[in-house]
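To start, the structure itself, in structure tokens.
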Amino acid sequence: MAWYRWDGQDLILDCHLQPKASRDEFAGLHGERLKIRLTAPPVEGKANAHLLAFLAAAFAVSKSQVSLESGQQSRQKRVRIRQPQRLPAELGLTVEPP
């Protein structure tokens, strides 16, 4: 299983979140999930909100185009990015053929 897949023009990411890190960054793979380190603490939805903002900036979309599909209370999350405008080079993503 891949840590990402295309659903039409939307990108679905399976992520493993590490809150309270020293900086925000993509950190390779954690099993079959993309590991993302965030500076936000895992309290009152702060890490989730920070994750959505981080991904919106990384994929050059508005925050409203990034949504949490599963994993609200877990480190294991599934995120949908609607029509990403940029694919971060460090992730090595490939665009699905039309």
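The values are calculated or read from the model by the stated rules, or taken from the named source; none is laboratory data. None of the values given here were measured: they were computed from a predicted structure. Quick reminder, even Gly has a Cβ in these numbers, built from the backbone with ideal geometry, and neighbours come from all protein chains shown.
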Those residues that are β-branched (Val, Ile, Thr), surrounded by 14 or more Cβ atoms within 10 Å (Cβ to Cβ) and more than 18 Å from Leu93 (Cβ to Cβ), I need them from segment 2-46; list them, please. Thr39
Could you please let me know if Val61 is modelled with pLDDT under 95 and β-branched (Val, Ile, Thr)? no
Leading residue by the ranking (surrounded by the fewest Cβ atoms within 10 Å (Cβ to Cβ)) among those in segment 52-83 that are of a type in the set (Gly, Ala, Ser) and in a helix (DSSP H, G or I): Ser64
Please indicate, with yes or no, whether at least one residue in segment 21-29 is in a loop (DSSP other than H, G, I, E, B), of a type outside the set (Lys, Arg) and on the phi > 0 side of the Ramachandran plot. no
Does Ala49 fit the bill of being at pLDDT 95 or above, surrounded by 11 or more Cβ atoms within 10 Å (Cβ to Cβ) and either part of a loop (DSSP other than H, G, I, E, B) or on the phi > 0 side of the Ramachandran plot (or both)? no
(1) in a loop (DSSP other than H, G, I, E, B); (2) loosely packed, with under 13 Cβ neighbours inside 10 Å all hold for Leu87 apart from (2)
